[in-house]
Amino acid sequence: MRLSARFQAVLYLTVGALVVTGTVWLLLDRATWPETATYLLRLHGAAAMVTLVLLGTLLPLHVRVGWRRGRNVASGIVMLATNGALVLTAFGLYYAGSESLRHWTSALHTAIGLALPLLIVAHVVLGRRARRAAARQRLTALRQGL
């Protein structure tokens, strides 16, 4: 199911903000720029909250319809699992009880977060291919019926 242009723009801008703030925070020398690091994490958290709302909107509209139509299901499952893992690891970063658990949670969150843009691109490309293939099938069926 295709998302509206406005929803796509908000989603991509929000995910872009997450990726940029997270990546810059990782690369930043936090000893030299502690205030900047703090602001980046605040922006990252704010973008994460907006993303949670957007994901909640996607579930009944985009995910359910795509699942029922049987389109792009495999990459959709990967997207759901990836976003679920990011939510769980973010929760773990705030509430992990031990330093070793926090270290692994951080590493996992970072790896998944850096992979997210590539997974989104793959999901969109596969969805467009599936939509074009379905359109070709409908056209072929129409031609055969005439």
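Throughout, read-outs are computed from the coordinates displayed, never taken from laboratory work. Source: prediction; values computed, not measured. Note: ideal-geometry Cβ built from the backbone for every residue, glycine included; neighbour counts use all protein chains shown.
Miscellaneous remarks
- Taken about its Cα centre, the chain carries a charge dipole of roughly 1320 debye when the Cβ of each Lys and Arg holds +1 and the Cβ of each Asp and Glu holds -1.
- ³J(HN,Hα), Karplus 6.51/-1.76/1.60, whole Hz, each residue of segment 2-8, x for Gly, Pro: 7, 7, 5, 4, 5, 5, 4
- Rounded to 10°, Cα long-axis angle of helix 73-95 versus longest principal axis of the chain: 20 degrees
- Percentage relative contact order, segment 5-145, counting C-alpha pairs under 8 Å, at least six apart: 23 percent
- For segment 1-67 and segment 92-146, distance of Cα centres in Å: 15 Å
- Charge dipole of the chain about the Cα centre (unit charges at C-beta), most positive-ward option of 120, 88, 130: 130
- In Hz, Karplus ³J(HN,Hα) per residue of segment 100-115 (6.51, -1.76, 1.60; θ = phi - 60°; x = Gly, Pro): 5, 5, 4, 4, 5, 4, 5, 5, 5, 4, 5, 4, 5, x, 6, 7
- Environment charge at residue 28 (Cβ cut-off 14 Å; Lys +1, Arg +1, Asp -1, Glu -1): 0
- Translational D in µm²/s for the chain (Stokes-Einstein at 37 °C, 0.692 mPa s, Kirkwood Rh from C-alpha pairs): 190 µm²/s
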